[in-house]
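The values are calculated or read from the model by the stated rules, or taken from the named source; none is laboratory data. Computed from a predicted structure; not experimentally measured. Every residue, glycine among them, receives a Cβ derived from its backbone with ideal geometry; neighbour counts consider all protein chains shown.
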Amino acid sequence: MTSSSNRRYILSTGAAAGALWLPRAAGAQSANPLAAETVYFEETGHSVSGAFLRFWRLYGLEAFGYPISEAFDDGGVPNQYFQRARFELAPDGSVRLGLLGVEAGGASPVPAGAVPAEGAVVVPDTGHAVAGAFLSGFREWRATLGPPIGPELHAGSGDAYIQYFSHARLEYDPLDGLRRGLVGQEIALQRGVSTSPVTQPAGSATWRDYLGALVVDEADRRAFSARVTNNAPFLPAYGQKWVVVNLNQQRAYAYEHVRQVFTDLISSGRIDKGLSTRGVFAINRRIANETMDSATIGYPVGHPKHYRLENVLHTQYYYGGEALHYAWWHSSFGQPMSYGCINMRLTTAKFFWDWASMGTPVVVA
């Protein structure tokens, strides 16, 4: 996530839901808003807690909007609706996003013989293409959109367009620009989910107080990030997990908020093979065990640089064909060795596999 998108995360007000101010429960305010396990949103009269809160604050208002229901049980699965999303708590305690794009009727097969428009990118997961403003949005929000499940569609009159993704809907018009549709709100209404406001829970922090504390905390996060990323344009969200690959040091770091939790030597791209790309990225594909063939990056069988490597464990792609992964074929960690990927020891690759997830930022500096 870039510093600009983090700024939007902190300052965005989201799609208007109507300001709603309810009385606070006695002793409701948490002493330290950032330490509160529950945040109450006076804008809609609902609170977010625990795993749902930790997941929500990774992407914030811009991605999900305000909560519009309390958490509730749906067939044995805890659910909670937001303006633009539905959270579901998996048995292992992780949070997954509901398939709202599918439920909204946005899924359709790829037309036979369809030819992508110039500049469009075809997403292999579904075969659908993404282009223009929607492509920009997909690249920024991929972790919370999911793959496209239908084509770009004209919406109403004028130059308004929409495109459905597995978890969401993107909308665009020249006046309001690119935005995420209120599919959570729409599906909640269709299903008769209760959106009636509740009183602020005891011990919770209000979103206003939480936001104020977050702005103060941002200065510390900004200074820390600048120091450890060599001034890369990245600002970690509060409590966020993030990865830094320092090419000069040939070392990878795992951070939570502004605390280092792990580090080890790595091997990045070698100059005669292909240097690792510097920039701010996010994990967008994970493969536990794969076969890597250089034909996929332009070195076919017979080429001097061709390779085929089986049993490549704990691969986490973050930019095109560049990934964090175990490299069993060498032990020269601490010096460049790869074709652009970040080679790791088995224990190191396993740590990052268990610790990181889809959407975890990766800063290569």
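Would you check if there is a residue in the range 225-241 being of a type in the set (Val, Ile, Thr) and outside the structural domain of Phe352 (by TED's automatic domain parsing)?
Kept after step one, since they are of a type in the set (Val, Ile, Thr), are these residues of the range 225-241: 228-229.
Of the ones still in play, those that are also outside the structural domain of Phe352 (by TED's automatic domain parsing) are 228-229.
Yes: the range 225-241 contains one or more residues that are of a type in the set (Val, Ile, Thr) and outside the structural domain of Phe352 (by TED's automatic domain parsing).
The set of residues from the range 196-214 being aliphatic (A, V, I, L, M) and assigned to a helix (DSSP H, G or I) comprises Leu211, Ala213, Leu214. Picking from residues in the range 232-270 that are outside any loop (DSSP other than H, G, I, E, B) and polar (S, T, N, Q), the one that is surrounded by the most Cβ atoms within 10 Å (Cβ to Cβ) is Ser267. If a residue must be within 29 Å of the chain's Cα centre (by Cα) and part of a loop (DSSP other than H, G, I, E, B), how many such residues does the range 303-319 contain? Of the residues in the range 303-319, 0 are within 29 Å of the chain's Cα centre (by Cα) and part of a loop (DSSP other than H, G, I, E, B). The single condition among (1) of a type in the set (Ser, Thr, Tyr); (2) farther than 19 Å from Leu58 by Cα; (3) in contact with a helix residue (DSSP H, G or I) (Cβ under 8 Å, 6 or more places away or on another chain) that Thr144 does not meet is (2). Within the range 44-63, residues that are farther than 14 Å from Leu34 by Cα sit with their Cβ atoms under 7 Å from residues that are aliphatic (A, V, I, L, M) and modelled with pLDDT under 95, at 6+ positions apart or across chains, in these pairs: Thr44/Ala17; Thr44/Leu20; Gly45/Leu20; Gly45/Leu22. Of all the listed residues (Thr291, Thr348, Thr296), the sole one being of a type outside the set (A, V, I, L, M, F, W, C), surrounded by fewer than 21 Cβ atoms within 10 Å (Cβ to Cβ), not assigned by TED's automatic domain parsing to the domain that holds Glu140 and not in a strand (DSSP E or B) is Thr296. So which residues in the range 123-165 are under 18 Å from the mean Cα position of the chain (by Cα), buried (at least 21 other Cβ atoms within 10 Å of the Cβ) and not β-branched (Val, Ile, Thr)? Across the range 123-165, the qualifying residues are Phe134, Gly137, Trp141, Leu145, Gly146, Pro148, Tyr164, Phe165. Only one of the numbered conditions (1) under 16 Å from the mean Cα position of the chain (by Cα); (2) outside any strand (DSSP E or B); (3) modelled with pLDDT of 95 or more is not met by Gly359, and that is (3).
Residues in the range 152-195 that are in a loop (DSSP other than H, G, I, E, B) and either of a type in the set (Val, Ile, Thr) or touching a Ser or Thr at 6+ places or on another chain (Cβ under 9 Å) (or both): Ser166, His167, Ala168, Val193, Ser194, Thr195.
Quick check on Ile149: is it assigned by TED's automatic domain parsing to the domain that holds Glu43 and touching an Asp or Glu at 6+ places or on another chain (Cβ under 7 Å)? Judged against the criteria, Ile149 is not a match.
Selection over the range 123-163 of residues that are among the basic types (Lys, Arg) and either in contact (Cβ under 8 Å) with a residue 60 or more places away in the chain or on the phi > 0 side of the Ramachandran plot (or both) gives a count of 1. Just checking, how many residues over the range 197-230 are small (Gly, Ala, Ser), over 30 Å from Val244 (Cα atoms) and surrounded by 14 or more Cβ atoms within 10 Å (Cβ to Cβ)? Number of matching residues: 3.
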